Amino acid sequence: MAEHHTAYICVGSNLGSKLENCRRGVAELTRDESTRLIDQSLIYRTAPVDFRDQDWFVNYAVKIATLLEPLALLHRLKSIERDAGRMWSSIRFGPRVLDLDIIFYENLVMEHRQLVIPHPRMHKRRFVLRPLCDIDPQINHPVFLRTVQSLLEDLDETDQRITEIK
């Protein structure tokens, strides 16, 4: 029998029905038997980072168990984003109808031209770290050898506004 792998995915949207876009994306990811939803963070309204001239995002994280290897999981996520209507524009970090990013995949450290695990900017992003801490603050970053809680505590409190959606 094939082995399930644990992965953490950050889910986000800032176009259209943001929360519904995110929920549909996760539902599509877990539609078949290859991937199961294990846990989900609280849901947040988050300020845009890097390219700031855009609407706020809805963001949360999910913990999944998947039979898919990392690149197959990436291709699955990109296909779900495309099906949701995501367009890749010339604006880096610009608006998106759906964003599904692999943050961690087991304790894997991977550098491939299509995929870097752990996500290379996750340690600088409150909208990734806060939801991960909801699921498990003791997740260990396999490169920095620090918990996601300690990485979150290092961020400047005044930067990257984030509010729980009730």
Every residue in the stretch 1-51 that is touching a residue at least 60 places away in the same chain (Cβ under 8 Å), surrounded by fewer than 18 Cβ atoms within 10 Å (Cβ to Cβ) and of a type in the set (V, I, T), please.
T6, V49
Starting from residues that are touching a Leu at 6+ places or on another chain (Cβ under 8 Å) and closer than 16 Å to L108 by Cβ, keep the ones in the stretch 64-76 and report whichever is most open to solvent (accessible area, probe 1.4 Å).
L71
If you go through T35, T6, T66, T30, the only one that is more than 29 Å from L145 (Cα to Cα), of a type in the set (S, T, N, Q) and modelled with pLDDT of 95 or more is T30
Can you name the residue in the stretch 77-110 that is basic (K, R) and at pLDDT below 85 and, of all such residues, is surrounded by the most Cβ atoms within 10 Å (Cβ to Cβ)?
R96
Within the stretch 137-157, can you find the residues that are closer than 20 Å to R45 by Cα and either open to solvent by 50 Å² or more (accessible area, probe 1.4 Å) or among the hydroxyl-bearing types (S, T, Y) (or both)?
Q149, E153, D156, E157
Conditions first: (1) part of a helix (DSSP H, G or I); (2) surrounded by fewer than 16 Cβ atoms within 10 Å (Cβ to Cβ). F127 passes all but one, so which condition is the exception?
(2)
Of the residues Q114, Q160, which single one is in a loop (DSSP other than H, G, I, E, B) and either farther than 24 Å from L73 by Cα or open to solvent by less than 30 Å² (accessible area, probe 1.4 Å) (or both)?
Q160
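The values are calculated or read from the model by the stated rules, or taken from the named source; none is laboratory data. All values derive from a computational prediction rather than experimental measurement. Positions of Cβ are generated from backbone atoms using ideal geometry, with glycine treated the same way; all protein chains shown enter the neighbour counts. When the accessible area is computed, the model is the full protein with side chains, heavy atoms only, and any ligands, DNA or RNA have been set aside. Shrake-Rupley method; radii C 1.70, N 1.55, O 1.52, S 1.80 Å.
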